[in-house]
1. Counting just the residues of region B:92-109 that are more than 22 Å from B:Gly143 (Cα to Cα) and of a type in the set (A, V, I, L, M, F, W, C), which one comes out surrounded by the fewest Cβ atoms within 10 Å (Cβ to Cβ)?
2. Restricting the search to region A:634-691, which residues are at pLDDT 90 or above, at the interface with chain B (Cβ under 9 Å from one of its Cβ atoms) and over 22 Å from A:Arg413 (Cβ atoms)?
3. Checking the structure you have, find out if any residue of region B:535-544 is within 14 Å of chain A (Cβ to nearest Cβ), touching a Ser or Thr at 6+ places or on another chain (Cβ under 7 Å) and among the small types (Gly, Ala, Ser).
4. Please verify whether A:Ile211 is of a type outside the set (Ser, Thr, Tyr), in contact with a Pro (Cβ under 6 Å, 6 or more places away or on another chain), farther than 30 Å from A:Ser314 by Cβ and part of a strand (DSSP E or B), treating the condition exactly as stated.
5. Here are some residues: B:Glu558, B:Glu570. Which one is surrounded by fewer than 19 Cβ atoms within 10 Å (Cβ to Cβ) and part of a helix (DSSP H, G or I)?
6. With B:Leu599, B:Leu566 as the choices, which residue is within 20 Å of B:Tyr360 (Cα to Cα), without any contact (Cβ under 8 Å) to a residue 60 or more places away in the chain and more than 9 Å from chain A (Cβ to nearest Cβ)?
7. Select from region B:422-442 the residues that are open to solvent by 10 Å² or more (accessible area, probe 1.4 Å) and farther than 19 Å from B:Gln114 by Cα and write down the one among them that is nearest to the other protein chains (Cβ to nearest Cβ).
2 protein chains.
Amino acid sequence: MTQTISGPQQIPATVDIRDDEQATVDTAELGQLLLGRWAHVRRVARELVGRPELHKIEGLTHHDHRRRCLDQLHYLVEQKAVHRAFPTAFGGDGDHGGNVAGFEELVVADPSLQIKAGVQWGLFGSAVMHLGTEKHHEAWLPGIMNMEIPGCFAMTETGHGSDVASIATTATFDPATDEFVIHTPFRAAWKDYIGNGAIDGRAAVVFAQLITNGVNHGVHGLYVELRNEDGTFKPGVGGEDDGIKGGLNGIDNGRLHFTDVRVPRTNLLNRYGDVAPDGSYSSPIASPGRRFFTMLGTLVQGRVSLDGAAVAASKLALTAAITYSTQRRQFNASSDLREEVLMDYQRHQRRLLPRLAATYAAAFAHEELLEKLDDVFSGDHDTDEDRQDLETLAAAFKPLSTWLALDTLQECREATGGQGFLIENRFASLRADLDVYVTFEGDNNVLLQLVAKRLLTDYAKEFKGVDFGVLARYAVSQAAGRTLHRSGLRRVAQTVADSGSGKKSAIALRDEDTQHELLTDRVQSRVAELAAELRGAKGKSQEESAALFNEHQNELIEVAHAHAELLQWEAFTRGLQQIKDPGTREILTRLRDLFGLCLIEKDLAWFLMNGRLSSQRARTLDGYINRLLAKIRPHALDLVEAFGYGPEHVRSAIAGGAEQQRQEEAVEYARRHRASGDAPIDEKTLLARSATERKARKAGRARAKR
Amino acid sequence: MTQTISGPQQIPATVDIRDDEQATVDTAELGQLLLGRWAHVRRVARELVGRPELHKIEGLTHHDHRRRCLDQLHYLVEQKAVHRAFPTAFGGDGDHGGNVAGFEELVVADPSLQIKAGVQWGLFGSAVMHLGTEKHHEAWLPGIMNMEIPGCFAMTETGHGSDVASIATTATFDPATDEFVIHTPFRAAWKDYIGNGAIDGRAAVVFAQLITNGVNHGVHGLYVELRNEDGTFKPGVGGEDDGIKGGLNGIDNGRLHFTDVRVPRTNLLNRYGDVAPDGSYSSPIASPGRRFFTMLGTLVQGRVSLDGAAVAASKLALTAAITYSTQRRQFNASSDLREEVLMDYQRHQRRLLPRLAATYAAAFAHEELLEKLDDVFSGDHDTDEDRQDLETLAAAFKPLSTWLALDTLQECREATGGQGFLIENRFASLRADLDVYVTFEGDNNVLLQLVAKRLLTDYAKEFKGVDFGVLARYAVSQAAGRTLHRSGLRRVAQTVADSGSGKKSAIALRDEDTQHELLTDRVQSRVAELAAELRGAKGKSQEESAALFNEHQNELIEVAHAHAELLQWEAFTRGLQQIKDPGTREILTRLRDLFGLCLIEKDLAWFLMNGRLSSQRARTLDGYINRLLAKIRPHALDLVEAFGYGPEHVRSAIAGGAEQQRQEEAVEYARRHRASGDAPIDEKTLLARSATERKARKAGRARAKR
C-alpha cells in the first residue's frame, strides 16, 4: 500500500541535500552513456550532420528551401547514409535501431531534411518494405533507396487525419482488367499534407478502402505512379500545393486526388491482405481490426524517430541557452562592480534546469524505446505483446518529448531575450519546424488516449475471469481507500510514525523509493478510479457510453500523461544506475530528483487532495526544489556538454563565446577608464557628496557661531 | 478574514449549475461593450485593417516584406490614421486612449506593420513629443508624422536590455563647440534590435549617459541624424543588419554604433534635463532615479498597446479555431452514421474554452488599462500616484496577455491539427510574429518583478511609522494564521458551519464573492509571507540582501502573476456587470466563473496547503469545471462572434466554411451511394453475417440430425 509522506513542519536547509561540492561530472562517461547502444551510428551521423552542405539556410523562399532539401536527399544517398533499415539483399544493413538512431540526428542539420528523408525512406520506403512482398521490393526498393523514385506516403486526407480507418479514397478491384481503380469520391477525400506531394513525388503508396466483390476490406496500401518524368501528373491524378507552413518549408507538402486511376492488381502491397485474379480476398490476419493495426504498426518507427529528434532539439536549445546564460550578465544586485550572470538568478534556474532534467529523462526513455523497437523489428522479441508494448511506449513518449521540445525551445528563446528571437540563434527556427511534431504521426492528444485505453485494458485484465461483482467491490474498496486518505486518518497516523525519525522524514522526498511510490500510486489510483467510473458504460447504448467516455476524456489523457511521466522517471533512474563515476552519479541523481520533484509539484494538488502528501510536507517542496536548483547550477555547463554536440551542431551565435568577449571588453574598458582618471563621477555620487558638503559647511557655520 | 471553503463530499451535478438552456448571447450588446470607450476609433481602425493593402503576404523574403511595410506606413499617413496622439497644433487629435485603441488594431493586418508603426510614431515620435520641448516638436514632429523622417528609438544595447539604466553609450557635452559627442565605447554598447535601424532610419532618438563637466547625469535621449538621403550612414555612424528574426520580418531591425558623432547641444530632448552652454546641468526633477523613471514612464503606451494587440491576436485565433471546431468532425463514437464535431469533445472544450474565458478577462482588463492611460496622458488624473498605478497595471497585464496570446495561438494551431500548421490559417504566422511581444518593451519576467516590488512597497506602507517590533509581531501573527489554516482547525470549524446550509456550500465555488476572496487572499497572504521573509534583508550587506532576494525571486514573480490574475478577474467582473441583457449576463458570468475556477485549479495546491479549500471541496472542482464547459459550449460561436472580427480580419481559410461544405458533400455522397445500392458492405459486417450464417447453418444441420 501507499505510504503517506509526512513530517515535521520545517526541514533544515542544511541537512536535506548532501554537501558534496567536490562532485563533478565526468562528461566523457556521461556522454558515452547518452550515446547509447548505437553510439557508433550516432557518431557517424553527427559527423555527417555537422557538414554545411546539410545545414538549413535561413531566409530562403520555400521554393529554394525545397530544392535544397531535395538535393540534400541525393547527397545523403551519395554518402550512403540512408540504407541502414533496408534489407541486406538491397545493400542495406537490416539495422532498425541503428537506422532510427542515425536518422533522428538529421534534425540537427535541418528538421526539413529529417522529415523529407523520413517521408522518402521512413514512410514511403518502409511501406513498400513492410507492407509489400518480394516482387515489390525488387521492383521499387532500389529506386526508392537511391532516390530515382522520390515518393509519397499518401494516407491522411483532408477529412480524416486522426481517424485513418475512415479515409474515403477507394481502391476497387476490376477483375475484367485485373486492375485496381483508385478513386477520390469527394473533396474531403483528397490526400492532404502529403510530403513530396506538391512537386517531387513520382510515385506514392496510396492508402485506400480496398473493395472487391462488393466487400470493403478496409484500408490497404497500393503503389501508384503519380507523375511523369517531366513532373506532370499521370492521367487521372491531380493535386495542389499545401503552400507555406508554420515551418518545415523544405518539404513540398501537397494534396492529391485520383479520378479512376488504374493500377495493376499486383500493385497492392499484399503482405497482410491480397486479392486473387478472381477478386477473392485473403489475409494472414483474420480480424480486420487487428489487420489494420498490424499494418499501421509497421510504421511505428516514424513516431520513435520523432521522439528522438525532439530530444535532440531540446539538447541543442539547452546547450545554447545555458552556455549563454553562464556568460551573459544583467543587473548588479549583489555588487557595484560586477553584474550578475543570468544563470545565477533563481528564476533563470527555475526556467532552464527543470527542462534540462526533463530532457535527460526523455533521452533515457528514448534510448529504451529504441531498444524495444530494435527487439521487435529485428525479430528478437516480436510477439504481439512486444508490438503492443512498443506502440504504447511510442504513443506515451512521443507526446511528452515533442511538447517538451517546443516548451524548451520557447523557454530558451525567452530566457535569452532579444538574442533568442534572432534566427541566427536557432531557437525560433527549430521551434517553428518542430511545431508540427506534436500533431503529425499521431496527434499527441489522440496518442495519449491510446495509452489510456491500454492502461484500462491492462487494469481490466487483472480482473479477467473474475465476476463483475468482484470488480464492483474492488472499485468500492478503492473508493474507501481514497476516503481514508482523504479523511486524513492515515496522515495523522503517519505523522506520528514519522516523528520517530526526524532525519528519515526530512529526506523522504529525495528518496528514490518515495518518488517512485508517489508517481506509481498516482497512476494506479487514477486508473482504478477511472475504470470504476467507466464501468457504467457496460450495457448502455453506444450513444450513452460515448457520452460517459467523453465526460472522462480529459481525465483519461491526464492519466496517460502521468503514466508516461512515470515511465520516463523509471528510465532516468535505470539510466543513472549505469554510471560508474560516483560524482557524476551523485549529480545525475540530483537531476533525477529535480525531475521527479517537479512532476510531483506540478500535480501537487492531486497528492494533497488524496492524502498522499501532508500539507506540511508539501509546503517544503518549493524550497527544496530551489535548493536543488542551486546545487545543480554549478554543473549545468557540464550537463549540456555531455550531450556531445559541437559548435557545428549547435550553430547558435550566442553560444559561441561572443558574449563572454563583449563582457570582458566592457570590464576592461571600465578598468582602463577608471585608471586613467577621466571617468565621470555619477550624479548620485555627486549629489551625495554635495549633501555631505552642505552638511559639513552647515556644521562649520554652526561651529563658527559658537 | 479569509473564509475557508468546505462542504459535503459530493455536489449533485444537477443543482450546481442553473439550468437556463434558454439563455442566448446578445452578440450586438456584448460586441458593443467589448469595443469599449473608443468604439468609434476601433470601428474606423477595423475598416482600415480589413483592406488588402495592409495585409501580410506570407512567404515574402524579409527584404520584400520590409519594403512592403515601409510602403504601408506611407499608406497609413495618406489615410490620416496615425495622428491621434499628436498635438492638435500639428494636426493631431491629442487623443491618447483612442490612439492606442486604433493603433493596436493594426496587429490584425500584420504584426510587423503594428510594430513598425509603433517604432515610428509610438516610440521615435513619442520620444520627441514627450521628452522634447517646443522647438523639437516644431523641427521634427511634422516630418515624423508624415514619414519624411523615418526614425529609430535607439535605447537597447547588445549588452543591456532589461537594465536600461546601465547602457554604455555616452553623450559628452563639449562646451567649446556647444555640441554633444555621441560615442560607443565598446561592442556591448552597440544599439541593438533597433527597429528601422538596419535600413530605413534617417534619424534616431539615441539614449546615452549624459556627461557634462565630468558628471554623468544618467540616461537621456538625444536626436541624432543617422543616414543621408541616399541611405548611407552619416560620418561616425555605423551599424549592421540584425538579419532574419523568428517573426516580425517586415521590420528592419539593426545595430548602430557611434564614433564621436557630434550633434548640437539643442538636440538634447530637454524636457526632463537640460544642459546650458556653460555645461551646467538642470532638471525639474531633482532625484536622478525618479527622473529616469519619469522619462521611461512617458513611453508606457508601448506596453499598453502590446497588451491590446495580444488580446486582439487571441480573439482572432479563437474565432478561427472555434468556428472550425464547430464544423470539423472526427471519429464516430456515439453513432455509426455521423462523426462527432470537435467542439463536442470534452478535451477540446478544455483546450479552447478556458482560453476564451481568459481572453475575455484580458480584454476587459485592457479596456480599463486604456482608460487609465487616457486619464494620465490627457492630464485628467496625472499625479505621481496615477502614473505609478498606470505603470504597475501595464507591467501586470502585458505579461499575462502576451503569454496568453502565444499559448492560445499554439493551442488553436494544435487543436486544428495539420490545418493549423498551414500558414493560410494564420495561427503559426501570428504566433511567430507575437513571440517577441513577451520579451520586448519590458521582459515579462522583469515586469512581473516590478509589480512584485510595488506590492511589497504598498504592503510596507501600511506599516509606515510603526516600529519594527510591530512589523515583526505582525509577521509572526501571519505565520500563526498560516499554522491555523495549516493545522486544519479552521477547516473543521468551517465544515460544521457549512453543513448548516447544504445548498450554500454546494454553490460556494461559483459564488462571486468566494472566488474573489480566494483570489484576493492568495495574493495578500503570499505578499505578507514574502515581506516577512525579505524583512531579513534589513541591516545586511548588499551581497547578503541580494542573495536573500534571489532566494525568493521565483516566489516574487509568482505573487505578481497571481496579483495580475486577480486584477483581470476583477475587471472581467466589472465588465460583465455592465451587461443589460439577462441571458448574455448569465453566460458571461459562467465564462467568468470558468476563468476564476481555472485560476484556482491551476494553483489548487496552494489553496489546499494553506487550508483555504478542503480536500473534499477541491475534489469537486474538476467535475464542476467540466460541467461549466459543457454549459458554455453551445454559446462558443456567439462568444467569438461578439469579438466583431469579420472574414477580412480573421482571414483564416479554415474559418471560411469550407470544412462545413466538405462535410456536407461527404454525407451527401454516402446518402446517394447507399440509396443507389452500390455501396460495398464492409468486411466486419460480412464476417459477422457469415458467422451468423455459419451458426444458422450449424443450427440447421443440428435440426436436420434430430
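The values are calculated or read from the model by the stated rules, or taken from the named source; none is laboratory data. In this text the structure is predicted, and so the values were computed from the model without any measurement. Backbone-built Cβ (ideal geometry, glycine too); neighbour counts: all protein chains shown. Surface accessibility is based on the protein's heavy atoms, side chains included, excluding ligands, DNA and RNA. Shrake-Rupley method; radii C 1.70, N 1.55, O 1.52, S 1.80 Å.
1. Applying the filter and picking the extreme gives B:Ala109.
2. Selection gives A:Gln661, A:Glu665, A:Ala666, A:Glu668, A:Tyr669.
3. Looking for residues that are within 14 Å of chain A (Cβ to nearest Cβ), touching a Ser or Thr at 6+ places or on another chain (Cβ under 7 Å) and among the small types (Gly, Ala, Ser), one finds at least one in region B:535-544, hence yes.
4. Details: of a type outside the set (Ser, Thr, Tyr): yes; in contact with a Pro (Cβ under 6 Å, 6 or more places away or on another chain): yes; farther than 30 Å from A:Ser314 by Cβ: yes; part of a strand (DSSP E or B): yes.
Considered against the rule, which asks whether it is of a type outside the set (Ser, Thr, Tyr), in contact with a Pro (Cβ under 6 Å, 6 or more places away or on another chain), farther than 30 Å from A:Ser314 by Cβ and part of a strand (DSSP E or B), A:Ile211 comes out as yes.
5. Working: B:Glu558 fails: surrounded by fewer than 19 Cβ atoms within 10 Å (Cβ to Cβ).
Sole residue among the options that is surrounded by fewer than 19 Cβ atoms within 10 Å (Cβ to Cβ) and part of a helix (DSSP H, G or I): B:Glu570.
6. On the way: B:Leu599 fails: without any contact (Cβ under 8 Å) to a residue 60 or more places away in the chain.
Step by step, each of B:Leu599, B:Leu566 is checked, and only B:Leu566 is within 20 Å of B:Tyr360 (Cα to Cα), without any contact (Cβ under 8 Å) to a residue 60 or more places away in the chain and more than 9 Å from chain A (Cβ to nearest Cβ).
7. The extreme case among them is B:Ile423.
Here is a yes/no grid of residues against (1) out of contact with any His (no Cβ under 9 Å at 6 or more places or on another chain); (2) away from every other protein chain (no Cβ under 14 Å); (3) assigned to a helix (DSSP H, G or I); (4) of a type in the set (Phe, Trp, Tyr):
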position	(1), (2), (3), (4)
A:Pro284	yes, yes, no, no
A:Val304	no, yes, yes, no
A:Gln327	yes, no, no, no
A:Ser334	yes, no, no, no
A:Leu337	yes, no, no, no
A:Val376	no, yes, yes, no
